[in-house]
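The values are calculated or read from the model by the stated rules, or taken from the named source; none is laboratory data. In this text, all values refer to a predicted model and were calculated from it rather than measured experimentally. Heads up, the Cβs are rebuilt from the backbone with ideal geometry, glycines too, and the neighbour counts pull from every protein chain shown. Ligands, DNA and RNA are stripped out before the accessible areas are found, and what is left, the full protein with its side chains, is counted by its heavy atoms. Shrake-Rupley method; radii C 1.70, N 1.55, O 1.52, S 1.80 Å.
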Amino acid sequence: MTGAKTAVEWLASVAPDPAACRREWERDPRGVALLPAGRAWDVLILPGGLGRPTLDVLTRVLDRPGPVLVDFGDARTGFFVPPGTAARWLGTGVRTAGHGTWIVVPYPGRSTGGVRWLVPPDGSGTLTDPALLELAMHEAAAGPPAGGRG
C-alpha cells in the first residue's frame, strides 16, 4: 500500500519518537516537521536553476525518481538519496544533508506556504540513485541539445 498515509509513516520513522512526530506534524498548521537526515535517506540540495532541469532529465529516464523537495521561491531543490551519500559526495555547488543534520519536511499530500514536494514520497522507500542524479545534473547543466528543444 502506498500513498500519503504510508509516506507519513515512512518519513516519521526516522524521528526520535515517530508517534510524537506524527501527532505534532498533523497538528502544525504549517504542515512541516524537522526530521533527521542520514537514517533512511540523505538529501542532495541543488541550486534552483539546476534543480528543476535535473528533475526534468530524471523524469525522462525513470518512471519515478525518489522524493524531491523544493524550498521557498524555488531557490533550492532537494533530492532524497540513499543514506551515506552526503558523506561521499564530492561535487561542488551541491549542499548535502546527511548524518547529523536535520531538514524541514512538509507533510505529504498537504499544501504548505513554503517547502513543498515536487515528487512526494509514496511510502515505498524509493530513493534516487546518486550516480544517475549526477549524470542528470551534468546533462541539465549542459542545456538542451544543439538543434533540440529550446
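When segment 60-99 is filtered for residues that are surrounded by fewer than 21 Cβ atoms within 10 Å (Cβ to Cβ), at pLDDT 95 or above and among the polar types (S, T, N, Q), only Thr96 remains. Taking the numbered list (1) surrounded by fewer than 13 Cβ atoms within 10 Å (Cβ to Cβ); (2) within 29 Å of Pro144 (Cβ to Cβ); (3) of a type in the set (D, E, K, R) in turn, Arg52 passes all entries but (1).
Checked against the criterion of being among the hydrophobic types (A, V, I, L, M, F, W, C) and within 21 Å of Trp10 (Cβ to Cβ), the candidates Ala75, Ala87, Ala97 yield just one match: Ala97.
Can you tell me which residue is nearest to Leu90 (Cα to Cα) among those in segment 1-13 that are in contact (Cβ under 8 Å) with a residue 60 or more places away in the chain and surrounded by 20 or more Cβ atoms within 10 Å (Cβ to Cβ)? Among residues in segment 1-13 that are in contact (Cβ under 8 Å) with a residue 60 or more places away in the chain and surrounded by 20 or more Cβ atoms within 10 Å (Cβ to Cβ), the one nearest to Leu90 (Cα to Cα) is Leu11. Applying the selection to segment 14-39, what residues are open to solvent by less than 30 Å² (accessible area, probe 1.4 Å) and not β-branched (Val, Ile, Thr)? Passing the criteria: Ala15, Cys21, Trp25, Asp28, Gly31, Ala33, Leu35, Pro36, Ala37, Gly38.
Here is a yes/no grid of residues against (1) basic (Lys, Arg); (2) under 15 Å from the mean Cα position of the chain (by Cα); (3) under 18 Å from Leu132 (Cα atoms):
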residue: Arg23; (1), (2), (3): yes, no, no
residue: Gly31; (1), (2), (3): no, no, no
residue: Gly49; (1), (2), (3): no, no, no
residue: Asp71; (1), (2), (3): no, yes, no
residue: Ala75; (1), (2), (3): no, yes, no
residue: Leu90; (1), (2), (3): no, no, yes
residue: Pro106; (1), (2), (3): no, yes, no
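Condition first: part of a helix (DSSP H, G or I) and free of Cβ contacts under 8 Å to residues at least 60 places away in the same chain. Now tell me which residues in segment 60-93 satisfy that. Show your work before the answer.
Restricting attention to segment 60-93, the residues satisfying the condition of being part of a helix (DSSP H, G or I) are 60-61, 72-74, 85-88.
Across segment 60-93, the qualifying residues are Arg60, Phe72, Gly73, Asp74, Thr85, Ala86, Ala87, Arg88.
Screening Met1 with (1) in a loop (DSSP other than H, G, I, E, B); (2) modelled with pLDDT of 90 or more; (3) hydrophobic (A, V, I, L, M, F, W, C) gives one miss only, at (2).
Let's see how each residue does on (1) in a helix (DSSP H, G or I); (2) touching a Phe, Trp or Tyr at 6+ places or on another chain (Cβ under 8 Å); (3) on the phi > 0 side of the Ramachandran plot:
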residue: Thr6; (1), (2), (3): yes, no, no
residue: Ala19; (1), (2), (3): yes, no, no
residue: Pro29; (1), (2), (3): no, no, no
residue: Ala33; (1), (2), (3): no, yes, no
residue: Ala40; (1), (2), (3): no, yes, no
residue: Thr54; (1), (2), (3): yes, yes, no
